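The values are calculated or read from the model by the stated rules, or taken from the named source; none is laboratory data. Since we're looking at a predicted model, the values are computed, not measured. Cβ placement follows ideal geometry from the backbone for every residue including glycine, while neighbour counts extend to all protein chains displayed.
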Amino acid sequence: MPVAHRLKCAETWGGNEKIESLVELPGLRAWVHSVPAGSSDAGGDVHHVSVCPSCIVSRVALADVSGHGQGAASVSAKLRELMQQHLTALEQTGLMRDLNHAVQQGIADTHHATMVAVGFHGRRGLLVVTNAGHPPPIWYRAKREDWSWLEPPHRAQRSIAAGTPLGLLPDISYDRKIVKPLAGDLVVLYSDGVSEATNRNDEELGGDGLMALARRLGPRSAAAFGAALATAVQDFRGGTVANDDQTIIVMERVLPAIDTRSS
């Protein structure tokens, strides 16, 4: 069973280490599963989760840093610092701008990083997604029993990374997607080590294959679906060794329990 962690107000949690944990946020549950490639306990995938001081705005960010070691650790530390600075902002504009500048300046010789960041307003129920060259999230809408890519509406090609990776160009603005998930909805973030997993025949899973796995597994809780998806990707690989870090983050929209006790 994954370790459960309930984030406190004004807390930021995460890093680039191997982990499997269920994180409780205001209006969301997030299952985080990250496995670095090889024998290391730390890799190039960086994940961070935060809650603002008023426990209203939550943020989940997943970055894939070019390289491992000190570069990934430095980006992880910088991302944590910036998420603390932008705790109360629902959108990722300032966070993306500042992290793009930091990576462009060459944090520990890191050349670029892709990242997808999600801001969630617990009271309004709004979820804002911003993508910097990262594989697009998958959204399950429970009421419609429908799976789809969570991307800006003008994107013609689905399952392809959107936006410009952090650190490549100055003064970049990023598209955003605003949705209002309902209770039971799932939003799945993942690194390209998942979507680009290969089997014994050197065939790549790809975006379409990942979507097919999600549809076949069906809707479950964040932890149950995430664990099943990680197992399904491992089964697809058929025993071959992963050559890239793999991170899966499943967010589940939950509603607060109604207190039915009489006053």
- Of all residues in the range 40-54, count the ones that are part of a strand (DSSP E or B), in contact with a helix residue (DSSP H, G or I) (Cβ under 9 Å, 6 or more places away or on another chain) and either of a type outside the set (D, E, K, R) or at pLDDT below 90 (or both). 8
- Note on the structure: Taking the range 232-246 and keeping only residues that are aliphatic (A, V, I, L, M), under 20 Å from the mean Cα position of the chain (by Cα) and within 19 Å of Glu17 (Cα to Cα), one is left with Ala242
- Note on the structure: Taking first residues from the range 219-231 that are surrounded by fewer than 21 Cβ atoms within 10 Å (Cβ to Cβ) and second residues anywhere that are hydroxyl-bearing (Ser, Thr, Tyr), the pairs with Cβ under 7 Å that are 6 or more apart or on different chains are Pro219/Tyr140
- Item | The listed residue being within 17 Å of the chain's Cα centre (by Cα) and modelled with pLDDT under 90, out of Ala227, Ala222, Ala162 | Ala162
- Test result for Thr93, among the hydroxyl-bearing types (Ser, Thr, Tyr) and surrounded by 15 or more Cβ atoms within 10 Å (Cβ to Cβ): yes
- On the given criteria, is Ala37 part of a helix (DSSP H, G or I) and either polar (S, T, N, Q) or modelled with pLDDT under 95 (or both)? no
- Note on the structure: Per the filter on the range 6-34, residues closer than 15 Å to Ala89 by Cβ and either small (Gly, Ala, Ser) or not in a strand (DSSP E or B) (or both) are Ala10
